[in-house]
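Heads up, the thing below is written out as structure tokens.
What follows draws every value from the coordinates through simple rules; no lab data is involved. Source: prediction; values computed, not measured. Cβ atoms come from the backbone with ideal geometry, glycine included; neighbour counts cover every protein chain shown.
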Amino acid sequence: MIQGLGKSRQILARQQKTVFDIVNLFTTNYDLFHERALERSRYSYTDGFSNGINNKFSDREFHRRPIDLEDRFKDKLQPVNPFFRLLKLHGSINWIKRDNQIMRTTNDTFPQNANDEVLISPTSSKFALTQNDPYSDLFREFVNILAVPNSVLFTSAFSFNDSHIANLVEEALDRSDFTLYAFVENPEFADKKSNFVRFINSISTSPNAFLIYPNCERDKKTKEKDDTTKCKWKNPPLKFEDFAYFMQPDIIAKDSSISPDDNEIVSTKEGPK
């Protein structure tokens, strides 16, 4: 997924659409899978920490951008493309607090006790904790990025049960230029009292919210047989195959003599299925 996002940014850059060359990654997970995927893909990124022996957190790091000096004789210096901003909204297993400073540790110096940890545990006090450093800075960045005109948010493996995050997405959906694509579980089988169901019902009339989830019949195979079960949503609002068809780029050359690198992205689709 990371490499696909990176390649798509490079394709857009060839069309002089450099406004799209930054990818913002938000996660509530504490693990290091995003960092490892970015580093294995050899993509530049910032997680809000400065470089050096003492890596200290500062929200200003999200507003800095490395410059590519490989071709230094160009008329204009180009920023590194693609560039990722990783915002870990609930902290990370390799963050510690020392002398009132948030620092990023190395793999062999993870926090040894709970007092050193910088992460929000899955408790009812989540929202209150987001008002403290560094979470308040991270959530401010999240809100600011959602507010960018014509922004699109993709969510995967996020249940929207964190009301303090779901509420921010709901507010963004009040704008006509914000779009949400959410890969979620089938609402038919979710806990009816959960914040997820409340969120789904709240955005059900939004024209800019698209949900992608398994259909009822497929889910029934994993459930106990119950002839009384009725599916409100027999077909999801957006099937995965239709989503993939809509999102995939078609790269073709107008002239066979044009090299692949100079090809333009031309859509050959005739509209949604």
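With the highest mean first, a sort of the peptides 160-172, 82-94 on other beta-carbon atoms found within 10 angstrom per residue produces 82-94, 160-172. What is the Rg over Rh value, at two decimals, for region 58-212, using alpha-carbon atoms and the Kirkwood definition of Rh? Reported Rg/Rh, Kirkwood definition of Rh: 1.04. Scoring 182-192, 118-128 by mean Cβ neighbours within 10 Å over their residues and listing the highest first yields 182-192, 118-128.
Model label sites at Ser136 and Gln3, defined 7 Å from Cα along the beta-carbon direction, differ in position by 4.2 nm.
For region 1-105, the equivalent ellipsoid derived from the Cα gyration tensor has semi-axes of 27, 17, 11 Å, listed largest first. For region 148-205, averaging the sequence separation of C-alpha pairs within contact (under 8 Å, six or more residues apart) and dividing by the residue count gives a relative contact order of 44 percent. If the segment from His63 to Asp242 were pulled out straight at 0.36 nm per residue, it would be longer than the present Cα-Cα gap by 60.9 nm. Taking the average, over residues, of other Cβ atoms within 10 Å as the packing measure, peptides 31-41, 147-157 rank 31-41, 147-157 from highest down.
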